[in-house]
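Read the structure below first, then the notes.
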Amino acid sequence: MENCSLITKTGTHCVTSAEVIQPMHEKAFWIGFNQVPGIGPARLAALVEVCGSVEAAWKAPIQQLKEAGLDRRSLESLLAVRRSLDLEAAWQRVVQAGVQVFTWDDAEYPDNLRQVPLSPPVLYVRGQLVDEDRLAVALVGTRQASAYGREVARRLGQELAQNGITVVSGLALGIDAIAHEAALAAGGRTIAVLGSGVDQIYPLQNRKMAQAMLTQGALVSEYPLGTRPEASNFPPRNRIISGLSLAVVVVEAGQRSGALITAKFAAEQSRDVFAVPGSILQPSSAGCNALIQDGASPLLSVADLLDQLHLERAAVQKEARQTIPADPTERRLLEHLSSEPIYLDEIVRGAAMPAAQVSSLLAMMELKGLVRQVSSMRYVRG
């Protein structure tokens, strides 16, 4: 007979293993904060610093929340959401939708985005983000693309994909959609950053293309599931487009194009900004020409971009990763590498491996694009 461990008013009830209450998944608390108006990256970081963890911050008493710097409005918003939101139901909704959630605490959080100031604390992802996506370039531009803009976007998307570069854009009509489509057609990877939840595809005309991205890339958003594509959501999502990328290319844009917002974020994030020059007689090229006038690099070919970003070896590295089997010892070495340069002898000590073996492995990993030698005997993750 099973052990009876729960006494109720109606008698003794035997608790089975299926009935044991499981602890709340930690990511449920991240999802909770993600739904609190007025608590963005800066305030959440302050809360975690004072409280010790996201879970502790969610459960913190009012006085501690005030000590973390929450103003009256943010405090009231948090308390209201804490009362009304069923965290377990919110988490189960994500699980049942097959959506991945990446937070600041996750190793899988995109490296490029992690490096920018005030990166989103939570990312919802459909599809897959992979290591190769660190080599990514954003192609953005107007929704009312000219024949010239469409052809340039198609060629750039195709050639970037053929060179092993992930194409990032916003799934909008016009330049965005053409860039995504070209990358997919070339057998490459592409990532769409949405101004809605990843379960709310917008515009509807791009649903089929979005579905294709689930096997050749990913749909990404900082907005909770169910979030509708409100106009106010799109400018902020542009900082994620640039943050995921090593560079932003504005293909075609008028003076008021949202693509110029992406270029502005890119500059603030110390990303390279390229603009495709156009006719001075065409309003749809006015934004690109102005960017060039203000210091953006004119883009005349994909070779210009690959050369400036030192990505000429990307296609070779991709082929090497596909043809040379993964080695468990390589993963062991990667645990001791980050974006901060580290000397070879420190890697040897940390991995507890012979220096000759480490040197040989690092040479192979550099060929695959997993690591880079940034100076004599100093290495970083690729």
In degrees, nearest ten, helix 355-368 long axis to first principal axis of the chain (Cα): 70 degrees
Within segment 230-271, list the trypsin sites (Lys or Arg not before Pro) lying in a DSSP loop whose Cβ has at most 14 other Cβ atoms in a 10 Å radius. ARG256
Hey, with R₀ at 41 Å, roughly what FRET efficiency would SER360 and ARG93 work out to, going by the Cβ-Cβ distance, to 0.05? 0.30
If I stretch the segment between LYS208 and GLU230 completely, what's the gain in nm (0.36 nm per residue apart, minus their alpha carbon distance), one decimal? 5.8 nm
Let me know the charge dipole size of segment 51-165 about its Cα centre in debye, to the nearest 20, where only the beta-carbon of Lys, Arg (+1) and Asp, Glu (-1) is charged. 560 debye
Please tell me the relative contact order of the chain in percent, rounded to the nearest whole number, where contacts are Cα pairs under 8 Å and at least six residues apart. 11 percent
Using the Cα atoms as the points, what is the convex hull volume per residue of segment 324-381 in Å³? 70 Å³
If Lys and Arg each add +1 and Asp and Glu each add -1, what is the summed charge of the other residues whose beta carbon sits under 11 Å from the beta carbon of ARG93? -3
Where labels lie 7 Å past Cα in the beta-carbon direction, separation of VAL380 and THR329 in nm: 2.7 nm
Which labelled figure in (1) 34, 27, 19; (2) 36, 21, 20; (3) 39, 29, 21 is semi-axes √(5λ) of the Cα gyration tensor in Å, once derived from the coordinates: (3)
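Where a number appears in this text, it was derived from the coordinates with a stated rule and is not lab data. Not measured: the values here are computed from a predicted model. For neighbour counting, all protein chains shown are included, and Cβ atoms are generated from backbone atoms with ideal geometry for every residue, glycine included.
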